[in-house]
Structures are given as C-alpha cells and as structure tokens.
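Chemist: Sharing a structure with you now.
The values are calculated or read from the model by the stated rules, or taken from the named source; none is laboratory data. In this text, all values refer to a predicted model and were calculated from it rather than measured experimentally. Quick reminder, even Gly has a Cβ in these numbers, built from the backbone with ideal geometry, and neighbours come from all protein chains shown. Protein only, heavy atoms only, side chains kept; ligands, DNA and RNA dropped before computing areas. Shrake-Rupley method; radii C 1.70, N 1.55, O 1.52, S 1.80 Å.
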Amino acid sequence: MTWTTTADPDAFEAAAGAFLRARPVAHTMLLSVAATVRATGADAYGDHPPRYGWWRETAEVGAAYLWTPPRPVLLSAMPERAASALADTLTEEAHHVPGVGGDLAAVDAFAATWLRHHGGTARTGERNRLHRLGTLRPPRP
C-alpha cells in the first residue's frame with residue numbers, strides 16, 4: 001500500500017492511465033485536466049507544475065490523484081486508507097494543500113488525516129454532480 005508521486009505526466013499516464021480510462025465517467029475530471037495539461041503545457045493551470053500520483057495495494061493501480069496548484073487536489077474514488085495515506089504522503093513532501101475534491105468518502109478521509117497533521121478546520125466549499133443524459137427527445141413544435 002503505497003503512493004507514488006511525480007511531476008511527470010508521461011509517468012502518470014503510463015502508471016494510472018488504464019485505471020482512469022477503465023471508468024471514464026467517474027474519472028472525467030482527472031482525465032480532462034490531465035489531457036489539458038498534456039495539450040497546453042505544465043503551466044495550463046498556474047505557475048507551479050502539476051503533481052500526479054497513483055496508489056497500489058497490489059500490482060494494480062487502485063487510486064489516483066492530480067493536483068494543479070494553486071487549485072485543490074483532485075481525487076479518484078479510493079479506499080479511505082488510501083486517502084489517509086495520501087494526506088500523510090503530501091505532508092511528508094511538505095506540500096501546502098489548499099483543498100481537496102472528489103469522491104466524498106475519500107475527501108473526508110483525506111481531510112481528517114490532513115487536519116490531524118496540520119490542525120485547523122475543514123469546510124465544504126461546493127458540491128458538484130455529474131449528470132447523464134438519458135434519452136434525448138426533440139421538442140414538440
């Protein structure tokens with residue numbers, strides 16, 4: 001059970017790309033942001049290069065994150081123990097995380113561990129939903 005972190009988008013793609021593409025709807029934010037960075041460069045979202053990571057409990061990648069400072073860290077769905085371990089890892093790497101977004105259980109586990117290390121309080125800034133179009137029906141005349 002370990003996180004691998006990098007600033008290399010190619011290493012992230014090689015390690016976590018298949019994991020993310022296996023559930024493209026659930027990972028739409030991570031896939032979209034990663035594609036934008038690859039297409040427009042490391043400064044697409046700010047002056048600091050993005051950070052990437054993936055978590056393995058077995059040989060398979062089981063979670064991923066993408067962070068484009070100064071924006072919040074984006075989490076895939078992940079076990080709570082992985083989210084907690086990511087907060088530990090980013091603390092050890094001396095990163096200042098302004099926020100976190102993603103799967104609610106993962107966000108809560110990350111925040112709880114982050115607050116144990118750094119103190120303070122956490123608040124919900126916004127909640128997002130992804131909607132799916134079922135059947136498209138043309139309007140009546």
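Chemist: Calculate the spin-label point distance for Asn128 paired with Glu13, positioning each point 7 Å from the Cα along the beta-carbon direction, and give it in nanometres.
Modeler: 2.2
Chemist: For the range 3-118, how big is the tail of P(r) above 26 Å, as a whole percent of Cα pairs?
Modeler: The calculated P(r) of the range 3-118 puts 10 percent of pairs beyond 26 Å.
Chemist: Pop a pseudo-label 7 angstrom from the Cα along the beta-carbon direction at both Asp47 and Asp103 and give the gap in nm to one decimal.
Modeler: Each label point is offset 7 Å from its Cα along the Cβ direction, giving 3.5 nm.
Chemist: Here's a follow-up. Hey, what's the chain come to in accessible area per residue, 1.4 Å probe, Å²? The partial results should precede the final answer.
Modeler: On the way: 8950 Å² over 141 residues.
Per residue, the chain has 63 Å² of solvent-accessible surface.
Chemist: Loop only by DSSP, 11 or fewer other Cβ within 10 Å of the Cβ. Give me the trypsin sites (Lys or Arg not before Pro) in the range 92-141 that pass, ordered by residue number. Don't skip to the answer; put the middle values down first.
Modeler: On the way: sites: Arg116, Arg123, Arg127, Arg129, Arg132; in loops: Arg123, Arg127, Arg129, Arg132.
Counting only loop positions with at most 11 other Cβ atoms within 10 Å, the trypsin sites (Lys or Arg not before Pro) in the range 92-141 are Arg123, Arg127, Arg129, Arg132.
Chemist: Relative to the longest principal axis of the chain, what angle (0 to 90°, nearest 10) does the C-alpha long axis of helix 28-40 take?
Modeler: On a 0 to 90 degree scale, this one is about 80.
Chemist: Further question on the same structure: For a quick check of understanding: with a 1.4 angstrom probe and all protein chains in place, what accessible area in square angstrom does Met29 have, to the nearest ten?
Modeler: Counting only protein heavy atoms, the figure is 110 Å².
Chemist: Roughly speaking, what is the centre-to-centre gap between the range 89-110 and the range 127-141 when only Cα atoms are used, to the nearest Å?
Modeler: The two parts, judged by their Cα centres, are 33 Å apart.
Chemist: Right, another one. May I have the pair-distance distribution P(r) for the range 79-141, computed from all Cα-Cα distances with 5 Å bins from 0 and rounded to whole percent?
Modeler: With 5 Å bins starting at 0, P(r) equals 4, 15, 24, 17, 11, 6, 5, 5, 5, 4, 3, 1, 0.
Chemist: Between Thr28 and Thr135, how high is the FRET efficiency from 1/(1 + (r/R0)^6) when r is the Cβ-Cβ distance and R₀ = 22 Å? Nearest 0.05. Could you put the intermediate results ahead of the total?
Modeler: On the way: r = 21 Å, r/R0 = 0.95.
In this case the efficiency is close to 0.60.
Chemist: How many percent of the accessible area of the chain is carbon or sulfur, using a 1.4 Å probe? Please report the intermediate quantities before stating the final value.
Modeler: On the way: 4700 of 8950 Å².
The C+S portion of the solvent-accessible surface of the chain is 53 percent.
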